[in-house]
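Taking it in order: structure first as structure tokens, then the write-up.
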Amino acid sequence: MSHSEDFERCIAAGGVAVFPADTVYGLACDPNDAAAVERLYALKGRPPSKPAAVMFFDIDSALATLPEVGPRVRGVLGRLLPGPLTVLLPNPSERFPLACGPAPATLGVRVPHVEALAGVTVPVLQSSANLAGYPDTSRLEDVPETIRAAADLVIDGGDLPGTPSTVVDLRRYEESGQWGVARTGAVPYMEIAGILNVK
């Protein structure tokens with residue numbers, strides 16, 4: 001059985017998986033399963049009030065799940081993703097509320113390039129596989145033992161780059177072209193600007 005099949009089976013069963021993203025190791029679960037989300041947050045010691053991102057494993061799945069994303073944003077998402085970025089999008093339908101914390105009108109979306117999970121068709125709620133407040137992990141052995149032991153599935157992806165995703169705020173981009181970087185990370189500002197400031 002492939003990693004993709006194992007991963008999907010784990011998520012469908014309400015499990016929590018440790019997996020390699022294209023940046024650091026992450027934790028994943030079904031974004032609509034309240035018990036699984038609560039367990040993921042508890043493993044990290046992360047307050048449920050802090051939002052997480054919803055990860056898709058191909059850009060078409062992301063866009064199909066978010067039909068309210070406007071044409072201007074759709075156009076740039078196809079150039080920004082897949083890659084080590086998290087994009088903050090307007091969420092007027094309040095999709096994936098368990099991932100949004102106290103701000104359901106904003107959704108963080110991630111589409112990584114992970115060959116081992118390229119066939120995954122379901123979205124997941126994801127967060128980094130570390131204890132809250134501690135460094136991100138680029139090697140599986142650096143993921144805390146308490147997290148690895150409690151997870152239902154652990155996928156070893158070898159050594160990862162180790163720099164978390166850049167977070168890009170596109171909530172006003174459709175209307176005004178405004179955007180910003182909410183967290184610096186794996187993709188440099190100028191690379192993003194080169195895509196988003198094209199007239």
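The values are calculated or read from the model by the stated rules, or taken from the named source; none is laboratory data. Keep in mind that this is a model prediction, so the values were computed, not measured. A quick note on method: Cβ atoms are made from the backbone with ideal geometry, for glycine too, and the neighbour counts reach across all protein chains shown. Accessible surface areas use protein heavy atoms only, side chains included; no ligands, DNA or RNA. Shrake-Rupley method; radii C 1.70, N 1.55, O 1.52, S 1.80 Å.
Some points to look at:
- Test: residue in the stretch 136-151 that is more than 19 Å from the chain's Cα centre (by Cα), polar (S, T, N, Q) and at pLDDT 95 or above: yes
- Checking each residue in the stretch 44-73 for being closer than 28 Å to Asp156 by Cβ and over 17 Å from the mean Cα position of the chain (by Cα) picks out only Gly45.
- Summed over the stretch 175-189, the residues that are part of a helix (DSSP H, G or I) and closer than 20 Å to Gly162 by Cα give a count of 1.
- Residue identified as more than 22 Å from Ala150 (Cα to Cα) and open to solvent by 30 Å² or more (accessible area, probe 1.4 Å) among Arg39, Arg79: Arg79
- Applying the criterion of being over 22 Å from Ala103 (Cβ atoms) and β-branched (Val, Ile, Thr) to the residues of the stretch 162-191, the residue that is most open to solvent (accessible area, probe 1.4 Å) is Thr163.
- Qualifying position, being of a type outside the set (A, V, I, L, M) and in contact with an Asp or Glu (Cβ under 6 Å, 6 or more places away or on another chain), among Pro47, Pro84, Pro71, Pro51: Pro84
- Test: residue in the stretch 108-119 that is at pLDDT 95 or above and under 15 Å from Tyr173 (Cβ atoms): yes
- Subset of the stretch 152-161 that is open to solvent by less than 60 Å² (accessible area, probe 1.4 Å) and either out of contact with any helix residue (DSSP H, G or I) (no Cβ under 7 Å at 6 or more places or on another chain) or at pLDDT below 95 (or both) - its residue that is farthest from Tyr189 (Cα to Cα): Gly158
- Selection count, the stretch 83-98, where residues are touching a residue at least 60 places away in the same chain (Cβ under 8 Å) and under 21 Å from Gly180 (Cα atoms): 8
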